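Let me begin by presenting the structure, written as structure tokens, before commenting on it.
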Amino acid sequence: MDSRSATPVTSTGPGIPGDAPSIARVYDAVTKGKDNRASDRDVVKAMTAIAPELPEAARANLEFVPRGVEAASELGVAQWLNLGCGLPQVGEETTLETARRIHPGARVAYVDNDPSVAVFGRALLAGEGAMALEADARDVNTVLAHVRRLLDLRERVGIVVTALAHFWPDEQKPGDILHRYMAAFPGGYLVFSHARSDLLTADELDRLLTVYKRTADIYPRPLNTIRSMFLDGLPLLEPGLVEASTWRPAEPIARDVGKAHFVAAVAAFGSCAEEAVKEKQPEGAA
């Protein structure tokens, strides 16, 4: 990291616990990354025995992120807050790299509470115009207090929250958490994805949750719940809230994800939402 642009902040957490599977490393394993352990791969193996298309679904989610970042960047966003960023994969474009294809001076603050990200990912994620913060994204005040060293809270922002909110239980009001981040900036775009539950049978879902519990509790939700909890009232860029591989795909053939859907959307908020609504109004409408 270039110390002129930002200072990395490390939590006083317990560090990496033995060989226990980690959220970031399990996701790295299921998307065919390199920074994972046998315990993480064991979780993936057990999950794919129940939902064989899960690796394809996870790759679809991974590939959606740069497309969403690119779309918002082309609409003028030049600073980014990437919550639950996970481990970067060698050969895959980071949020900073995507944003800088459109805005060479783009800035990105990466946030993750997984110690694995701090140990393995910080060197790849950070650099001039970027920072990596080890913190829980649910602690909005702490995150904003640190990232304002790099990000300007008076400017529009892109907020990446992909494959993260399904780790937050309903009682923590996850939709409110995201709206607090959005309210901290005058406007911007939310690049969002979430695991969908209602295509699975009750037995399949229960077995998947049981297996994943080795790593963490997870709360995939029905499509309508995802829409109402996180995106209600926010204008969505076309094509709306859809399976991740079908959101403005680079290739005409979507991935075969079976019933293991990550649904994805890019939503406008604040001043950007107001502009999006005005653009959709018929000419001459009040």
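Ignoring the sites themselves, what is the longest stretch of the chain with no trypsin sites (Lys or Arg not before Pro) in a DSSP loop and at most 11 other beta-carbon atoms within 10 Å?
Values: sites that count: Arg4, Lys34, Arg154, Lys213.
It runs 35-153.
Count Lys and Arg as plus one, Asp and Glu as minus one, and take only other residues whose Cβ is under 11 Å from that of Ala267; the net charge is then 0. Report, by chain and number, residues whose modeled amide H sits under 5 Å from the one on His103, excluding near sequence neighbours (fewer than 5 apart, same chain). Here nothing satisfies the definition.
Assuming R0 = 35 Å, what is the FRET efficiency of Arg149 and Asp203, from their Cβ-Cβ distance, to the nearest 0.05? Mind showing how you got there, number by number?
On the way: r = 48 Å, r/R0 = 1.37.
So the FRET efficiency works out to roughly 0.15.
In this structure the amide hydrogen of Gly188, modeled in the peptide plane, comes within under 5 Å of the amide hydrogens of Val157, Phe269, Ser271, Cys272, Ala273, none closer than 5 places in sequence on its chain. Per-residue 3J(HN,Hα) values for segment 187-199, derived from phi via the Karplus relation 6.51 cos²θ - 1.76 cosθ + 1.60 with θ = phi - 60°, read x, x, 9, 9, 9, 10, 8, 7, 6, 9, 9, 7, 8 Hz in sequence order (x marks Gly and Pro). For Gln79, the residues 5 or more places off, or on other chains, whose built amide H falls under 5 Å of its own are Arg107, Gly158.
Our summary of shape: the Cα atoms of segment 49-280 have principal axis extents of 48, 45, 37 Å, ordered from largest down, in whole angstrom. Summary value for segment 49-280: 25 percent relative contact order, contacts being C-alpha pairs under 8 angstrom separated by 6+ residues.
What percent antiparallel are the DSSP beta bridges of the chain, to the nearest 5? Each step should come with its number before you reach the end.
Working: 12 of 33 bridges.
So the antiparallel bridges amount to about 35 percent of the total.
Within segment 23-80, report the GluC sites (Glu not before Pro) that DSSP leaves as loop and that have at most 16 other Cβ atoms within 10 Å. Write down the numbers at each step before the final one.
On the way: sites: Glu53, Glu56, Glu63, Glu70, Glu74; in loops: Glu53.
Those satisfying the criteria are Glu53.
Read-outs throughout are calculated quantities, based only on the coordinates presented, and are distinct from any laboratory measurement. Quick caveat, the model's predicted, so the values are computed rather than measured. Here Cβ is always computed from backbone atoms with ideal geometry, including for glycine, and neighbour counts include all displayed protein chains.
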